[in-house]
1. Got the relative contact order for the chain handy, in percent, Cα pairs under 8 Å and 6 or more residues apart?
2. In what order, largest first, do THR191, THR184, THR178 sit by accessible area if the probe radius is 1.4 Å?
3. Quantify, in whole percent, the carbon and sulfur part of the accessible surface of the range 369-493 (1.4 Å probe; protein heavy atoms only).
4. Leaving out same-chain residues fewer than 8 places away, which lysines sit with a Cα under 21 Å from that of LYS236?
5. Helix 540-549 versus the longest principal axis of the chain: what angle, 0 to 90°, nearest 10, using Cα atoms?
6. Could you run the Karplus curve 6.51 cos²θ - 1.76 cosθ + 1.60 with θ = phi - 60° over the range 155-168 and give me ³J(HN,Hα) per residue in whole Hz, x for Gly and Pro?
7. Quick one: divide the alpha-carbon radius of gyration of the chain by 2.2 N^0.38 Å and tell me what you get.
8. Could the peptides 1-11, 384-394 be put in order, highest first, of the mean number of other beta-carbon atoms found within 10 Å of their residues?
Amino acid sequence: VPEHVWRINLDTPEEAHQNLSFGAADRWWEQTDLTKLILASNKLQCLSEDVKLLPALTVLDVHDNQLTSLPSALGQLENLQKLDVSHNKLKSIPEELMQLSHLKSLLLHHNELSHLPDGFGQLVNLEELDLSNNHLTDIPTSFALLINLVRLNLACNQLKNLPADISAMKSLRQLDCTKNYLETVPSKLATMASLEQLYLRKNKLRSLPEFPSCKLLKELHAGENQIEILNAENLKHLNSLSVLELRDNKIKSVPDEITLLQKLERLDLANNDISRLPYRLGNLPQLKFLALEGNPLRTIRRDLLQKGTQELLKYLRSKIQDDVTSPNEEPPVTAMTLPSESRINMHAITSLKLLEYSEKQAAVIPDEMFNAVRSNPVATVNFSKNQLNEIPPRIVELKDSVCDVNLGFNKISSISLELCMLHKLTHLDIRNNFLTSLPEEMEALTRLQVINLSFNRFKVFPSVLYHIVALETILLSNNQVGSIDPLQLKKMEKLGTLDLQNNDLLQVPPELGNCETLRTLLLEGNPFRTPRAAILAKGTAAVLEYLRSRIPT
């Protein structure tokens with residue numbers, strides 16, 4: 001890399017020497033620092049430590065070079081948000097890279113990495129991480145701390161197992177583990193509530209995991225494994241699934257419960273050992289693609305398989321009556337087809353204990369939703385992404401069972417007393433609303449562990465939170481909070497995460513350093529001068545230590 005590239009923020013450019021008529025307004029090099037540097041597709045074998053002379057960089061792209069190592073000075077680029085070092089010859093990553101606390105995208109695919117630094121979990125703001133096509137045999141357990149990660153690609157490595165801890169990645173939507181040596185998948189993976197796409201192709205799996213909490217899972221790819229049995233348990237909770245790909249396995253039969261997957265659009269069962277199918281498969285309303293070739297099917301002629309999905313489904317539907325034992329018997333009504341409650345997913349209420357009415361742009365929640373609950377104990381309520389102006393009063397009917405309520409992305413301006421009566425509540429998500437305060441009655445929510453109040457209109461820290469001693473996580477980013485009371489916070493012995501990013505804190509009280517239970521303290525994007533960004537970038541422990549050192553004795 002030419003030397004003057006590293007010095008571009010420091011040296012006056014050539015043209016300035018030749019043309020002395022530059023007015024102050026034209027002297028661009030004095031007004032702005034370099035933020036993006038793209039050196040991709042060259043023949044670089046190393047990067048200079050002088051990269052530290054470009055502290056304003058937000059994007060550094062050196063993919064497709066011949067780098068065998070990275071300079072430790074990269075760790076000083078505290079504003080870096082995207083780093084692409086894919087398609088190089090890296091054998092390891094410097095520990096210093098773990099200091100890049102603002103990094104959102106890290107692309108390391110197609111290198112020669114055989115291990116990763118243990119401190120990987122420090123990259124708490126990471127949203128995208130690509131480690132595919134390396135030589136990794138294991139994953140650091142600290143991955144569990146990457147709670148903002150949305151996409152994780154581990155394909156084409158040498159992984160024999162996945163740590164159960166990655167189930168803590170609560171934001172993860174896409175996980176790709178294609179082409180590894182996985183024999184099992186940790187059962188805790190099934191608790192990843194945000195997961196939408198899971199790729200497990202080309203491994204050594206003998207069975208599929210059960211997915212009780214993956215209510216959003218839309219695509220499951222598990223072809224080219226050694227799966228022999230497909231259980232009802234594997235399928236019955238996946239009511240968002242649109243793609244199920246299980247080709248090239250050893251599956252012998254398909255359970256009737258496959259008909260519960262009402263959103264299924266693509267089902268690939270090619271090249272298995274399936275001899276018969278449930279005819280009710282023909283009733284799946286959205287199914288557009290069904291692959292069955294390469295199976296010893298007795299009931300379906302081979303020429304029918306060639307005619308395409310629609311003909312096949314028509315044939316299966318025509319045979320449904322054969323399945324019913326006596327001609328007079330009514331076909332069983334499943335939880336999916338009660339005509340009066342077609343808007344309501346009774347299966348979700350009865351089996352998943354979930355009451356969901358989200359993304360409907362509704363101003364009120366229809367009474368029929370609450371009527372449908374009857375005596376079923378509902379644990380989770382999701383009314384997010386609507387136009388609600390107030391919390392539905394009938395929510396109080398669920399007070400003996402509900403523990404997780406999501407009212408995010410609405411137009412709610414105050415918390416009702418009904419909500420304060422949900423005494424079993426542990427999780428409350430009310431982000432992106434119009435709240436300015438919380439009522440003192442919320443003190444009754446003695447089991448509340450997690451509250452998300454981000455993107456509201458709080459000008460002061462809601463004092464009632466200091467009195468809810470069970471709280472472990474308070475998310476208050478993107479409000480206008482001007483101050484916090486460190487002495488009250490210190491009394492909250494369970495508090496591990498406090499997110500106050502993008503507020504109006506003019507100063508951080510040094511006594512906050514005494515809140516030693518805090519494992520994650522996020523303060524970026526506030527107008528205070530100290531602690532400086534360099535200290536914030538070192539992580540929570542360093543910030544607390546710094547604050548303690550400032551307490552007047």
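The values are calculated or read from the model by the stated rules, or taken from the named source; none is laboratory data. Keep in mind that this is a model prediction, so the values were computed, not measured. Please note: Cβ atoms are built from the backbone with ideal geometry, for glycine as well, and neighbour counts cover all protein chains shown. Calculation scope for accessible area: heavy atoms of the full protein, side chains included, ligands and nucleic acids excluded. Shrake-Rupley method; radii C 1.70, N 1.55, O 1.52, S 1.80 Å.
1. 5
2. Numbers: THR191 60, THR184 90, THR178 25 Å².
Highest to lowest solvent-accessible surface, that is THR184, THR191, THR178.
3. On the way: 2700 of 5360 Å².
Within the range 369-493, the accessible surface is 50 percent carbon and sulfur.
4. Qualifying lysines at Cα under 21 Å: LYS188, LYS215, LYS218, LYS250, LYS252, LYS263, LYS288, LYS353.
5. Helix 540-549 and the main axis of the chain meet at about 40 degrees.
6. 4, 6, 10, 10, 6, 8, 8, 10, x, 4, 4, 5, 5, 6
7. Working: Rg = 27.9 Å, N = 553, 2.2 N^0.38 = 24.2 Å.
Taking N as the residue count of the chain, the ratio is 1.15.
8. Values: 1-11: 12.9, 384-394: 17.5.
The peptides rank, most packed first, as 384-394, 1-11.
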